[in-house]
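Heads up, the thing below is written out as structure tokens.
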Amino acid sequence: MSVIDKIKAKAKENIKHIVLAEGDEPRTVQASAQIVREGLAEITLVGDPEKIQKVAGETGTDLTGVHIVNPETCEKSEAYAQKLFELRQKKGMTPEQAKDLVYHNTLYFATMMLKMDDADGLVAGAINSTGNVLRPALQIIKTAPGISIVSSCFIMELPNHDFGDDGVMLFGDCAVNIAPEADELAAIAIATAQTSRELLSAEPRVAMLSFSTKGSAKHDRVTVVQEATRKAHELAPDLLLDGEMQADAALVEAVANLKAPGSPVAGKKPNVLIFPDLGAGNIGYKLVQRMAGAKAIGPIIQGLAKPVNDLSRGCNVEEIVNTVAAVAVKTNG
Ligand code: ACO
């Protein structure tokens, strides 16, 4: 069974209510019908019902069983605006601004649905940038208890099954945090390990990557990874995690035996790779995707108090369906 089929099977076991904030976007409209047809989640599309039905007509989509909510006429919009104002007034938001966001910005309306427990998860990003999707979630949903930052990972499905668990690995953080400090990098490692358990039912073996293995190079950026490794051990003593190590020491047993002998992770098929910063992570996952022919599923957003996920603007219907299934399976953000 492929990774996605396993995630879909999990989603069907416990049906969640997912809100799609870009309700009149054609791929989203088509995905909503497919999700309901496959029994993966209950779906609400946010937007003008007339526009949504027009798109459904144009794309030959049957929206039976899909909920539609219009922020401009929804009876809950007033309460959402009031709550948004309460949450953001210290940051300078006025009641008028809160009302305008809830009634006219579907991302804020959908985020308030999630905040007020009227949905279990949120997916958007087919037409909005990562920043626009994440900002309301960062401001309103906030991080899960005990998690200091929101981060992301990709599920990498490699054609070469010698790596990870039969070719399946998680790469973090490849999409959100640009230059994490040690405690942030530790949080990314722990959150990615949690995603491994939640989404893949795989016990994580975490490699903290660097351009140095066990002190072979000296630099501030190496120290950050060493510190992060120490902090992650403190925060999650039972987690199988080691660092700092170079990618070859992590992945190749013979190199690990030379550079990191005795490591519980290096050369022992780590299934979670934590990159030292966004430059390394973003370039790394794209190289593996394009040059090694891996399938990259994500970014999976992790660390929020409730699950919110971004889409790539180039996504297709299938990718929206898959992302909704992943969000439905996450127990927290
Ligand atoms: N975790 C938790 N909270 C955060 C985080 C985080 N990682 N980042 C920002 N916040 C909070 C802030 O504390 C702030 O909260 P407050 O208003 O209550 O004080 C709020 O979010 C807004 O903070 P800003 O600093 O204004 O954040 P901004 O909205 O500018 O940026 C963003 C957030 C968009 C995620 C930023 O980190 C970013 O641009 N990251 C890089 C995204 C990117 O370009 N990725 C590569 C492409 S994606 C791909 O290739 C798949």
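Using only the Cα atoms of the range 1-133, build the gyration tensor, take square roots of its eigenvalues as a ≥ b ≥ c, and label the shape rounded, prolate or oblate: rounded if a/c is under 1.5, else prolate if a/b is larger than b/c, else oblate. Mind showing how you got there, number by number?
Details: a/c = 2.15, a/b = 1.56, b/c = 1.38.
The shape class here is prolate.
Axis angle, to the nearest 10 degrees, between helix 106-115 and the longest C-alpha principal axis of the chain: 70 degrees.
Once a ≥ b ≥ c are taken as the square roots of the eigenvalues of the Cα gyration tensor of the chain, is the result rounded (a/c under 1.5), prolate (a/b larger than b/c) or oblate (a/b not larger than b/c)? Note, shape of the chain comes out prolate.
Over all directions, the average projected area of the alpha-carbon convex hull for the range 184-274 comes to how many nm²? If you wrap the Cα atoms of the range 184-274 in a convex hull and average its projections, you get 5.2 nm². Fully extending the segment from Ala79 to Thr64 would add 2.6 nm, taking 0.36 nm per residue of separation and subtracting the current Cα-Cα distance.
Say we join alpha carbon atoms closer than 10 Å with springs in a Gaussian network model of the chain; which of Ile149, Ile43, Ile15 then has the biggest fluctuation? Taking springs between Cα atoms under 10 Å, the residue moving most is Ile15. In angstrom, the C-alpha Rg and Dmax of the range 25-83 are 12.5, 38. Between Ile15 and Lys286, the modelled labels are 4.0 nm apart [label points 7 Å from Cα along Cα→Cβ].
Applied to the range 177-189, the Karplus parametrisation 6.51 cos²θ - 1.76 cosθ + 1.60 on θ = phi - 60° returns per-residue 3J(HN,Hα) values of 8, 6, 9, x, 7, 4, 5, 5, 5, 5, 5, 4, 4 Hz, with x for Gly and Pro. Taking Cα atoms only, the orientation of helix 26-38 departs from the longest principal axis of the chain by about 80 degrees.
Packing, as the average of other Cβ atoms within 10 Å across residues, places the peptides 110-120, 84-94 in the order 110-120, 84-94, highest first. Seen from a random direction on average, the alpha-carbon convex hull of the range 215-333 projects onto 9.3 square nanometres.
Of the cross-linked pairs Lys142/Lys286; Lys8/Lys54; Lys16/Lys306; Lys12/Lys51, which ones have a Cα-Cα span greater than 20 Å in the structure shown? Table pairs above 20 Å Cα-Cα are Lys142/Lys286; Lys8/Lys54; Lys12/Lys51. The magnitude of the dipole of the chain, with charges of +1 and -1 set on the Cβ of Lys/Arg and Asp/Glu and taken from the Cα centre, is near 500 debye.
For Val176, what charge total do you get from the other residues with a beta carbon under 12 Å from its beta carbon, if Lys and Arg give +1 and Asp and Glu give -1?
Values: positive: Arg135; negative: Asp173, Glu184, Asp277, Asp310.
Neighbour charge sum, excluding Val176 itself: -3.
Near the amide H of Val308, within less than 5 Å, lie the amide hydrogens of Leu122, all on another chain or at least 5 residues away, with H placed in the peptide plane.
By the gyration tensor of its Cα atoms, with a ≥ b ≥ c the square roots of the eigenvalues, what is the shape of the range 124-193: rounded for a/c under 1.5, prolate for a/b over b/c, or oblate? Note, shape of the range 124-193 comes out oblate. Report summary: the helix-based calculation at 222 nm, which adds -39500 (n - 2.57) for every DSSP H run with n ≥ 4 and divides by the residues of the chain, gives -13500 deg cm²/dmol.
Which value results when the Cα radius of gyration for the range 95-232 is divided by 2.2 N^0.38 Å? Kindly include the intermediate steps, with their values, before the conclusion.
Values: Rg = 18.1 Å, N = 138, 2.2 N^0.38 = 14.3 Å.
Computed over Cα atoms of the range 95-232, the ratio equals 1.27.
In order along the range 125-138, the Karplus-derived 3J(HN,Hα) couplings, from 6.51 cos²θ - 1.76 cosθ + 1.60 at θ = phi - 60°, round to x, 5, 10, 9, 6, 3, x, 5, 6, 6, 4, x, 5, 5 Hz, and Gly and Pro are given as x.
Cross-link partners for Lys83 among the aspartates and glutamates, with Cα-Cα distance under 17 Å and sequence neighbours closer than 8 places in the same chain left out: Glu72, Glu75, Glu96, Asp100, Asp117, Asp118. Applying 0.36 nm per residue to the separation of Glu234 and Ser2 and subtracting their alpha-carbon distance, the gain on full extension is 80.1 nm.
Where a number appears in this text, it was derived from the coordinates with a stated rule and is not lab data. Just so it is clear, the structure is predicted and the values come from calculations on it, not from any experiment. Backbone-built Cβ (ideal geometry, glycine too); neighbour counts: all protein chains shown.
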